[in-house]
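Comments concern the structure below.
The values are calculated or read from the model by the stated rules, or taken from the named source; none is laboratory data. Small disclaimer: the values here were computed from a predicted structure and weren't measured. Because the Cβ atoms are built from the backbone with ideal geometry, glycine has one as well, and the counts that use them run over all protein chains shown. These accessible areas exclude ligands, DNA and RNA; they are computed on the full protein's heavy atoms, side chains included. Shrake-Rupley method; radii C 1.70, N 1.55, O 1.52, S 1.80 Å.
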Amino acid sequence: MADPSSYRPKPGQIPDSPGVYRFRDEHRRVIYVGKAKNLRQRVANYFQDLANLHPRTRTMVTTAASVEWTVVSTEVEALQLEYSWIKEFDPRFNVKYRDDKSYPYLAVTLNEEFPRVQVMRGAKKKGVRYFGPYGHAWAIRETVDLMLRVFPVRTCSAGVFKNAARTGRPCLLGYIGKCSAPCVGRVTPEEHRDLAEDFCDFMAGRTGTYIRRLEKDMMQAAEEMEYERAARLRDDAEALKRAMEKSAVVLADATDADLIAVAEDELEAALQIFHVRGGRVRGQRGWVTDKVEAVDTSGLVEHALQQLYGEERGDAVPKEVLVPALPEDTEAVSQWLAARRGSQVSLRIPQRGDKKDLMATVQRNAQQALGLHKTKRASDLTTRSRALEEIAEALGLDTAPLRIECYDISHLQGDDVVASMVVFEDGLARKSEYRRFQIKGFEGQDDVRSMHEVIGRRFKRYLQEKERTGEWEEQPTDTAADGPAATAPATDLSLATTSVPATGPVPAATGPASGAVPAVAEDAEPREDDGRPKRFAYPPQLVVVDGGQPQVAAAKRALDELGIDDIAVCGLAKRLEEVWLPDDDDPVVLPRSSEGLYLLQRVRDEAHRFAITYQRAKRAKRIRTSPLDDVSGLGETRKQALIKHFGSVKKLRQATIDEICEVPGIGRRTAESVAAALASTAPAAPAVNTATGEIIEEDDGGSS
């Protein structure tokens, strides 16, 4: 690991003009390429205190052994040079999108004497006109089959074409009118090229001209009583219309635009692009990437624009590019796009109307693509096994942690404090084992104390279960504080809202296979002969807590108090994705590409999701509770009448008894009871949502 100060340029050595810089490692390989408006200012940022750098940036500068730069005249030139160098050197610390699959294109080989229409995949070739990409090759073939009636362009391979020319007999398509048969001289090369260019114009969105021309010729043929020709022209027009209908109209103004959306998490990002031509979606494409550099959404968009249009010219770059976030240097990127198109390109964020609605659709596709990518990655047995082995090696465990439990605390300003427990067995979520807790040992906000309480309660139940089954000869005295499980309050812990039966055997270290958790009361005694695992009966090999050193210490202390010393504990801090171990002053930093880190992150995120869902449900239930519920004799109809008359509970609380009596059906005694109930529940101060700064008003709807 290199010390960045060993290769830091001298003060004043770096120019303050636009340019592109390269970091190289000790073997002179380029590991990162970047651009800057001001080289001196940008490069100097990499040589500050390592503690202030993003973890990925810190890894890059400690891997590098030298830095060099090239000065250019404009920011647009810097953008172009950066793209060229990234393509040439393939630096390991630059974001590089990769297709999540090989998309097929409809291609017209205008670089040949007799252009051919075909399905193409892979890198684009010079002189070939591309349309798409399409989701499936059969969609291209269906479209081409319809259009060959009107534009009978060659579709055969070079071998078939040469064989037909040698024998003087066209292929079957030539006989049925779906090929103009240039192989046997039915049309000249110029006439065939005109057909191919008309085909391209129609696919590019200039559809109205051809349909109107066919309809005009059809009417003329009918007037001349050439009914067979008129019928053929009618069928040709219908075929073109059906080909158009395969691409739904999404923008009524016949816009040519590309819409780009990004879905991301800490480690990966998925990008989706909709190609809209003539107001219709002509193609869709998806990319995924590892976030190997410290980059935000605008940076991901800029990298995507470079990769998407770096090799394109002319109409392949649309008039309008809609993005979720503008690049840092929007003007330079816009000029670069305009130079590649040869005319002005609008780069902007859609704000309203159809374009904003379509952008939301693209965003949903990006989210689904990221979820699908993660699911595929998580479902691979080899990958899961490697992840568990990496975790065991990083944490110094004797065996792979086949059962992992993760805990998270959730609350809003100290109210509705809850916790979640999620279980992963053999790297897969075991939802039937999920549990959720209410924190009841104290009031207020204290994540460390909450974590100690939750871990203690969970493993007290484990020890009690072992004692009940005879597996634990002598119960530690510390566990007596909570009493036996059978007498625990029903509100101590509630079952997970989701219950998915497990499939397949559980590894021997984690106990027998389990079905869904039965919906029994918390204090009910489980049956001993039902063959199902009892709640909290199986210990994990690893406990993961959402947090850093304080939360880890609290969890470890809870286990020590119970006399449990054979369960490993670690914490995953979300900000820097660091793994903390008990009694260690420094965290364990797993490689960004580590499957073990990916699994820990997925476990942590699932615990967070489960906890916050429970917390929001509890808060919503509390907010829906009205102080009017405690007024004796006040039914739902009269409560609604009060709310409707005053508009909210807040205004009702400010009303006098005489004003309350004005509501139809409310007598003086009832009005006095209402006023007394509201006075006793008056809030001390408004609640504030710390995430948004929003003041949470009292529920205006009364009781639900």
Notebook entry, point to check: Excluding same-chain residues fewer than 8 positions from Lys556, which lysines have a Cα within less than 22 Å of its Cα?
Noted result: Lys440, Lys460, Lys466, Lys574
Notebook entry, point to check: Label Ala51 and Gln351 with points 7 Å out from Cα along Cα→Cβ: what is the distance between them in nm?
Noted result: 4.4 nm
Next item on the list: Give the Rg/Rh ratio for the stretch 293-418, taking Rg as the radius of gyration of the Cα atoms and Rh as the Kirkwood radius, to two decimals.
Entry: 1.16
Notebook entry, point to check: With every protein chain left in place, what is the accessible area of His27 in Å² (1.4 Å probe, nearest 10)?
Noted result: 120 Å²
Checklist line | Label-point separation, Arg166 to Thr62 (7 Å along Cα→Cβ), nm | finding: 6.6 nm
Note to self: Suppose accessible area is computed on protein heavy atoms with a 1.4 Å probe; arrange Arg29, Arg282 from highest to lowest.
What the structure shows: Arg29, Arg282
Check: Between their Cα atoms, which of Lys87/Lys374; Lys618/Lys644; Lys125/Lys178; Lys319/Lys356; Lys125/Lys319; Lys291/Lys374 are more than 19 Å away from each other?
Finding: Lys87/Lys374; Lys618/Lys644; Lys125/Lys178; Lys125/Lys319
Notebook entry, point to check: Roughly how much of Ser84 is accessible, in Å² to the nearest 10, using a 1.4 Å probe?
Noted result: 50 Å²
Item checked: Two-site FRET efficiency, Arg229 against Thr361, from Cβ-Cβ distance with R₀ of 45 Å, rounded to 0.05 -> 0.55
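For the ranges 329-341, 396-408, 218-230, what's the packing order if you count other beta-carbon atoms within 10 Å of each residue, average per peptide, and put the highest first? Intermediate results must be reported in sequence, preceding the final value.
Working: 329-341: 18.7, 396-408: 20.4, 218-230: 13.2.
Result, highest mean Cβ count within 10 Å first: 396-408, 329-341, 218-230.
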Notebook entry, point to check: Relative to a virtual label point 7 Å from the Cα of Thr637 in the Cα→beta-carbon direction, which members of the stretch 654-670 show backbone nitrogen distances below 15 Å?
Noted result: 664-667
Note to self: Quick check: pseudo-label points 7 Å beyond the Cα along Cα→Cβ at Ser593 and Tyr7, how many nm apart are they?
What the structure shows: 1.9 nm
Check: Roughly speaking, what is the stretch gain from Arg668 to Leu110, that is 0.36 nm per residue apart minus the C-alpha to C-alpha distance, in nm to one decimal?
Finding: 191.9 nm
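Taking R0 as 35 Å, what's the FRET efficiency between Val71 and Ser343 from their Cβ-Cβ distance, rounded to 0.05? Could you put the intermediate results ahead of the total?
Numbers: r = 29 Å, r/R0 = 0.84.
Efficiency, from the Cβ-Cβ distance: 0.75.
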Notebook entry, point to check: Roughly speaking, what is the stretch gain from Arg186 to Lys650, that is 0.36 nm per residue apart minus the C-alpha to C-alpha distance, in nm to one decimal?
Noted result: 158.4 nm
Checklist line | Protection proxy ranking of 346-355, 33-42 - average other beta-carbon atoms within 10 Å, highest first | finding: 33-42, 346-355
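Go through the stretch 425-461 and name the GluC sites (Glu not before Pro) that are in a DSSP coil and have 11 or fewer other Cβ atoms within 10 Å of their Cβ.
Working: sites: Glu425, Glu433, Glu443, Glu453; in loops: Glu443.
Listed in order of number, the matching sites are Glu443.
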Checklist line | Paramagnetic label zone (point 7 Å from Cα along Cα-to-C-beta, Arg29; backbone N under 19 Å) in the stretch 49-79 | finding: 56-68
Notebook entry, point to check: What FRET efficiency, computed as 1/(1 + (r/R0)^6) with R0 = 45 Å and r the Cβ-Cβ distance, is obtained for Asp629 and Leu372, rounded to the nearest 0.05?
Noted result: 0.50
Check: Restricting attention to the stretch 421-458, which chymotrypsin sites (Phe, Trp or Tyr not before Pro) occupy a DSSP loop and are surrounded by at most 14 other Cβ atoms within 10 Å?
Finding: Phe442
